[in-house]
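As structure tokens, the structure follows; a few thoughts come after it.
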Amino acid sequence: MSTSGHSHAALEKLSKDDLVDLLLKQGYRSLGKQGVETDQQPRGESSLLSSDCAQNGSSTAGADDGSKDSHAKKKQKKREPRPFDMSNYGQRHIALRLAYDGGQYCGMACQQATSNTIEGRLFEALLKTRLIVDPDKCSFSRGGRTDKGVSALGQVVGLRVRSRLSQAVIDAFSASTFPKSESRSPARSDSGGPDRDEPAQGGGYLSHEQRRQAVSLPGLAASMAAREGEFDYVRMLNASLPAEIRVLSWSPVPETFSARFGATHRTYKYFFLRNRLDVSRMRRACELLIGWHDFRNFCKIDPEVKSFTRRLYSFSVEPVPAFCAEPDSPTALWHFTVRGSAFLYNQVRCMVAVLFLIGEGKESPEVISDLLDIERTPARPIYDIAPGEPLVLFDIGYNDGEWVYDHNSLAATAKLWTPVAESYMLHCGRTHTMLDSLTALPVAVVGDKEGCRATATASATATATATTAATAATAAAATAAMQNGVSGGAHGSAMEEVAKGVALDYLNKVDAGFSTYTGSYLATLRFYFDVNNEYVLQKLKLLLFPFKKHEWTPSDSNSGQLRPPKDELNSPDLYIPAMAFATYILAMGFALGAQGRFTPDVLGLAGSSGLVILFLEVMGIKLTFYLTNGTRLAVLDLCSCCGYKFVGVVLVLAAKALLGSSVGYLLLLLSCASIGTFMVKTLRHLTVQGQGFTPGFITEGIASPAHSEVRKMQDYALWAVGGLQVVWSWYLSHGV
């Protein structure tokens, strides 16, 4: 029997076309039922055909489903980032020469508080181009650490990057280009003499032979050969860097290359306007700075630096030719050029600040000799350092080598920076013309009794005219009132208007003075409360674990002014002390309430006790350091430093209330050790220069006491302050 009720004889009678139609119908019906036989469908040839067709259809459908799944998997695989394996590529050590406008950046070196630094942007470009995978593992070194606002034309950094060449080719090139003597790490010597060069970190010095071995820039032929088949590092990085930062050139260097210790000299330029400065006096002072000297009075002291001796090869003050048609004009542009082996922190800006005082006639050129005499001037006197924006790191030199520059890259940089320079020049010319025009405007003012007229500035004229008009109006109203015999009623209104006018004038003056005072005071308070969440978390971590921190000097102070706390972790703030003090009062109430001893008077007693202790400590520290060396510390700075103790007291109160007195006293000792260490290191930063940061003239510090005795007395005072934290913290928390 066959399927669908057709017998074998019946099927034989069908034509070829009828058989094909019948088979197709049976196949489609089987596909619609997904190859499953029904009870009405008998087994037979047509059933077998249907089963075959169903199997073929099922396999086709399965194939389609499988293709869709595989396609989806391929798409999913494409979305996954491909892991980058640096070991598959050759790597080489290179040096990069950078130029940058530092006006809108927070300095050269990376910082925890901000990523807006030159190195931060450079590392972003290196990571983006996959030239490095980890900034901490690329043997990075810098030739100089410029501050906030300082620019550079010849900054040099060294690092290990990915290469297009194989490692075998790179190793062969290094072996043939750099002698084996250069592969040794330069040793450091503690010996010194008239022919010694740059001081090494920790107080040692590099000899001429050691410096020669440390230098590693290849010659012109080797530099050109290294570029054949290699990545165009200049183009790759400039495509990912901001417009203010440009890579000018690169050079292959040995693995031991140090951009800092391998340098033979550094050159800085500082630009300024001629104004009324006495250039001849400044030149005499510059000559006194040349040579090998102890420059501790021309820098911001870093407690980690052991040697302050540096060598200056040259120091000149000259006009800038392109902006000096008349060198003696007050608007002529001049610049200092100083070349030395190495420089201390803020050394160039401090030297320029002293030279400005000499040029203004406030100091004599001989003050340079006094400041270089450490026995006569053992501590840095009081003076503001010069701003950082006009300073440029012009060049860092290395022996036996030269940089190779690409014409197209330099042309692209010039094309990018030319509109910026033109914009500044146009703005300068427009503003200068407007200022000159103001002084030439003739204005009339009332002169003597005969009504003579004189010429004065517009601001003075407006002030005199307004004052005269107000006085005349007041006098006329008073005269009219007196002539009318005012005694009250309608006639008294004139005298009342006079009185109102005088009173309002007085109140306006008082309000103006009060607004000026409160405005400056509020601006100062705004600085101490300018914090963010990241700063608060980092500061609390520093308060509790200050033992491993080494850098306590604000890294980006400018003109003696600290950056706000949100941008500088070492800046003082009043937000944390204020919040900790308020929390201390609440914690005291909570702890006593948990013991059933709370009364409303407790809150007032806790607050008054905390304020009295804070006042006594601040006044004691201020008086102690003023008597030891005349150091004038800001009251708000001391309030900030001393107020941090309430953070530890809050932790002690919480531990006593929740974990018991034993744990509380243990935490008291630990918190006092942390807060005390923090206070000692912070106060040492404020007093380490001997005179604080108060602006003034240099001669105020010339007659300072012996540096060793003063330093010893201040050290004793600092440790006493740290030890007293145990007493204060115990007293503030002993009631629980």
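Could you work out the local net charge near PHE315, counting Lys and Arg as +1, Asp and Glu as -1, over the other residues with Cβ closer than 10 Å to its Cβ? Each step should come with its number before you reach the end.
Numbers: positive: ARG283, ARG339; negative: GLU287.
Net of charged neighbours comes to +1.
Given a Förster distance of 25 Å, report the FRET efficiency between LEU544 and TYR716 from their Cβ-Cβ distance, rounded to the nearest 0.05.
Details: r = 26 Å, r/R0 = 1.04.
So the FRET efficiency works out to roughly 0.45.
Treat every Asp and Glu Cβ in the stretch 232-299 as -1 and every Lys and Arg Cβ as +1, leave all other atoms uncharged, and give the resulting dipole magnitude about the Cα centre to the nearest 20 debye. Present the calculation step by step, with values, prior to reporting the outcome.
Numbers: 11 positive and 6 negative charges, 91 e Å.
Once rounded to the nearest 20, the dipole reads 440 debye.
Apply 1/(1 + (r/R0)^6) to the Cβ-Cβ distance of VAL726 and GLU304, taking R0 = 25 Å, and write down the FRET efficiency to the nearest 0.05.
Values: r = 28 Å, r/R0 = 1.13.
My answer for the efficiency is 0.35.
Only residues of the stretch 140-165 count here: report those whose backbone N is under 12 Å from the spot 7 Å along Cα→Cβ of GLU389, or say none.
Residues 149-150 fall inside that zone.
Determine the gain in length on full extension of the stretch MET619-GLU402; use 0.36 nm per residue of separation and subtract their C-alpha separation, reporting nm with one decimal.
Numbers: separation 217, 0.36 × 217 = 78.12 nm, distance 5.91 nm.
Full extension of this stretch gives 72.2 nm more.
Rounded to the nearest 20 debye, what is the charge dipole size of the stretch 329-396 about its Cα centre when +1 sits on each Lys and Arg Cβ and -1 on each Asp and Glu Cβ? It would help to have the intermediate numbers written out before the result.
Numbers: 5 positive and 9 negative charges, 27 e Å.
The dipole magnitude comes to about 120 debye.
So between PHE529 and SER364, what do we pick up on full extension, going 0.36 nm a residue minus the alpha carbon distance?
On the way: separation 165, 0.36 × 165 = 59.40 nm, distance 4.14 nm.
Contour length minus the Cα-Cα distance gives 55.3 nm.
May I ask you to derive the FRET efficiency for LEU636 and ALA421 from their Cβ-Cβ distance with R0 = 60 Å, giving the value to the nearest 0.05? Don't jump to the answer; show the numbers that get you there.
Numbers: r = 42 Å, r/R0 = 0.69.
Efficiency, rounded to the nearest 0.05: 0.90.
Pull out the extension gain between ARG284 and LEU127, defined as 0.36 nm times the separation in residues minus the alpha carbon to alpha carbon distance; nm, one decimal.
Numbers: separation 157, 0.36 × 157 = 56.52 nm, distance 4.92 nm.
Working it through step by step, the gained length comes to 51.6 nm.
For a quick check: with amide H placed at 1.01 Å from N, whose amide H comes under 5 Å from GLN155's, ignoring anything fewer than 5 positions away on the same chain?
HN-HN under 5 Å from GLN155: LEU98.
For LEU574, which sequence-distant residues (separation of 5 or more, or a different chain) have an amide H within less than 5 Å of its own amide H, given hydrogens modelled in the peptide plane?
PHE529
Using a 1.4 Å probe over the heavy atoms of the protein chains, calculate the carbon and sulfur portion of the accessible area of the stretch 286-445 as a whole percent.
Details: 4660 of 7970 Å².
Reported share for carbon and sulfur atoms: 58 percent.
Taking a ≥ b ≥ c as the square roots of the eigenvalues of the Cα gyration tensor of the stretch 275-363, is the shape rounded (a/c under 1.5), prolate (a/b larger than b/c) or oblate? Present the calculation step by step, with values, prior to reporting the outcome.
Numbers: a/c = 2.41, a/b = 2.01, b/c = 1.19.
It is prolate, given that a/c is not under 1.5 and a/b is the larger ratio.
Which net charge results when you count Lys and Arg as +1 and Asp and Glu as -1 among the other residues whose beta-carbon is under 12 Å from that of CYS324? Present the calculation step by step, with values, prior to reporting the outcome.
Details: positive: ARG274; negative: GLU318, GLU326, ASP328.
My count for the surroundings of CYS324 gives -2.
Which of the pairs LYS148/LYS549; LYS541/LYS681; LYS362/LYS566; LYS548/LYS645; LYS148/LYS566 have their Cα atoms more than 27 Å apart in this structure?
Working: LYS148/LYS549 22 Å; LYS541/LYS681 15 Å; LYS362/LYS566 37 Å; LYS548/LYS645 19 Å; LYS148/LYS566 15 Å.
Check vs 27 Å cut-off fails for LYS362/LYS566.
Sorted by mean Cβ packing within 10 Å, highest first, what order do the peptides 112-119, 359-366 take? If you can, show how the numbers build up before the last one.
Working: 112-119: 17.8, 359-366: 16.2.
Going from most to least packed, we get 112-119, 359-366.
In terms of the Cα gyration tensor, with a ≥ b ≥ c the square roots of its eigenvalues, is the stretch 579-628 rounded because a/c is under 1.5, prolate because a/b exceeds b/c, or oblate?
Numbers: a/c = 4.29, a/b = 3.30, b/c = 1.30.
Because a/c hits 1.5 or more and a/b exceeds b/c, the stretch 579-628 counts as prolate.
What does the charge count near SER115 come to, summing +1 for each Lys or Arg and -1 for each Asp or Glu among other residues with Cβ under 13 Å from its Cβ?
The answer is -3.
Give a residue-ordered list of calculated ³J(HN,Hα) values for the stretch 257-262 (Karplus: 6.51 cos²θ - 1.76 cosθ + 1.60, θ = phi - 60°; whole Hz; x for Gly, Pro).
Residue by residue, the stretch 257-262 yields 5, 10, 5, 7, 7, x Hz.
Could you state the accessible area per residue of the stretch 572-637 in Å², with a 1.4 Å probe and every protein chain left in place?
Details: 3320 Å² over 66 residues.
Ligands and nucleic acids excluded, the result is 50 Å² per residue.
Among SER316, PHE295, VAL247, which residue has its Cα positioned farthest towards the positive end of the charge dipole of the stretch 247-363, with +1 placed on the Cβ of Lys and Arg, -1 on the Cβ of Asp and Glu, and the dipole taken about the Cα centre?
It is PHE295, whose Cα lies furthest towards the positive end.
Taking a ≥ b ≥ c as the square roots of the eigenvalues of the Cα gyration tensor of the stretch 325-429, is the shape rounded (a/c under 1.5), prolate (a/b larger than b/c) or oblate? Numbers along the way, then the final one.
Values: a/c = 2.87, a/b = 1.51, b/c = 1.90.
Since a/c reaches 1.5 but b/c is at least a/b, the shape of the stretch 325-429 is classed as oblate.
The values are calculated or read from the model by the stated rules, or taken from the named source; none is laboratory data. No experiment lies behind these values; they were computed from the predicted model shown. Every residue, glycine as well, gets a Cβ built from its backbone with ideal geometry; the counts of neighbours run over all protein chains shown. These area figures cover heavy atoms from the full protein model, side chains too; ligands, DNA and RNA do not enter into them. Shrake-Rupley method; radii C 1.70, N 1.55, O 1.52, S 1.80 Å.
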